[in-house]
Amino acid sequence: MTEISHRPTVAIAPSETVAIAPSETVAIGASTTVAIASPDTAAPPYDADDVRQLFDRMAASYDRMNVALSLGFAARWRRQLLRLVGATGSPRRVLDLMSGRGETWTEIERRLPQAEITAVDFSAQMMAHTETRSRTRFGGRVRLRQEDALNGTAERASFDVVVSAYGLKTFDAPQLERLAAEVERVLRPGGSFAFIDVTEPAGRALRIAYLAYVRWIVPLAGILLLADPTEYRMLHRYLSAFGDGSRAVEAFQSQPGLHVEVRRYFFGCATSISGWRA
Ligand SMILES: C[S@@+](CC[C@H](N)C(=O)[O-])C[C@H]1O[C@@H](n2cnc3c(N)ncnc32)[C@H](O)[C@@H]1O
């Protein structure tokens, strides 16, 4: 059994309890000991190389951690994201930005069965998984572009739809403005876009629970499932700095050619920014 302290505790299994506190050593089982450092609240690095390397390191574990940590909400919000996309006229050319391992494609095809998907991500490791997914589950139909979404090679007005799930939080305000400008550039007039990311809820009680969750449970899950919480602790820094997502909302609203709508999900735990190009 495991060390127990007077600190707040989290039940892991019926018979095991682990104390979690800043800068403490935590014993899990008879032989495993891990240290959880204090939460780092400094602004995270928004440098493209840092972000790319972070996701390269997370690529192998991303899908199972995503499902485990979001308690199913991530998939549900992707579904809701696609409902924001206009389907009249059977739009075909769909750009999936910050595509990760292609988690959004099933929902894209459900909503837009004739979609020709182009996926953009700058992480080579994510792209390696994406390639496999495209080949094994989508008949190799998805076009893959490993490039920086802020310096995309897509032609002007070449897409009917732009979608993106959970890729906003690692951009700072100037980068978000460039991203919004890029969305305006690549969308055809009348084309629609929809982004969603996790955000800090407004209500006090839920916000406290949310902050505790991303600060402690996310890194702890990193330890239990991966034996390394480093990347997932960094995720906490991006989520904290992203707050309620207002810097992303403002960036899209600052684009004169975009009509922007904002929606909150589950009391603000996620926020979508969607609309169309004039
Ligand atoms: C949290 S994952 C989201 C993955 C997926 N869309 C999903 O629904 O789970 C964010 C992805 O954005 C990618 N990314 C972040 N910044 C990027 C940029 N500037 N250009 C291209 N991809 C980027 C990362 O490599 C990572 O794969």
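Observations on the structure shown:
- Global form of the range 131-226, assessed from the alpha-carbon gyration tensor, a/c cut-off 1.5: oblate
- Taking V67, V198, V214 and counting other C-beta atoms within 10 Å, the order from fewest to most: V67, V214, V198
- Label point distance in nm, F73-R188, each placed 7 Å from Cα along Cα→Cβ: 3.7
- Counting beta carbons within 10 Å around each of R156, R92, R247 and listing the fewest first gives the order R156, R92, R247.
- Close amide-amide hydrogen proximity is noted between G245 and E200, each under 5 Å apart and 5 or more residues distant or on a separate chain (H modeled in the peptide plane; Pro and chain starts excluded).
- Label point distance in nm, A42-F138, each placed 7 Å from Cα along Cα→Cβ: 3.8
- Between the C-alpha center of the range 41-111 and that of the range 236-275 there is a gap of 15 Å.
- Modelled FRET efficiency - R0 30 Å, R263 with N151, Cβ distances, 0.05 increments: 0.55
- Estimated vicinal HN-Hα couplings, Hz - the range 234-240 in sequence order (Karplus 6.51, -1.76, 1.60; Gly, Pro = x): 5, 4, 4, 5, 5, 5, 4
- For S99, the residues whose modelled amide H falls within less than 5 Å of its own, excluding neighbours fewer than 5 places apart on the same chain, are V120, D121.
- Derived scalar couplings ³J(HN,Hα) [the range 71-80; Karplus, 6.51 cos²θ - 1.76 cosθ + 1.60; whole Hz; x for Gly, Pro]: 6, x, 5, 4, 5, 4, 5, 4, 4, 5
- Applying 1/(1 + (r/R0)^6) with R0 = 30 Å to the Cβ-Cβ distance of A128 and A212 gives a FRET efficiency near 0.30.
- Exposure proxy for I273, I223, I208: other Cβ atoms within 10 Å of each Cβ, ordered fewest to most, give I208, I223, I273.
A short reminder: the numbers here are calculations on the coordinates, not readings from a lab. From a predicted model like this one, the values you see are computed outputs, not experimental measurements. FYI the Cβ positions are ideal-geometry reconstructions off the backbone, even for glycines, and counts take in every protein chain you see.
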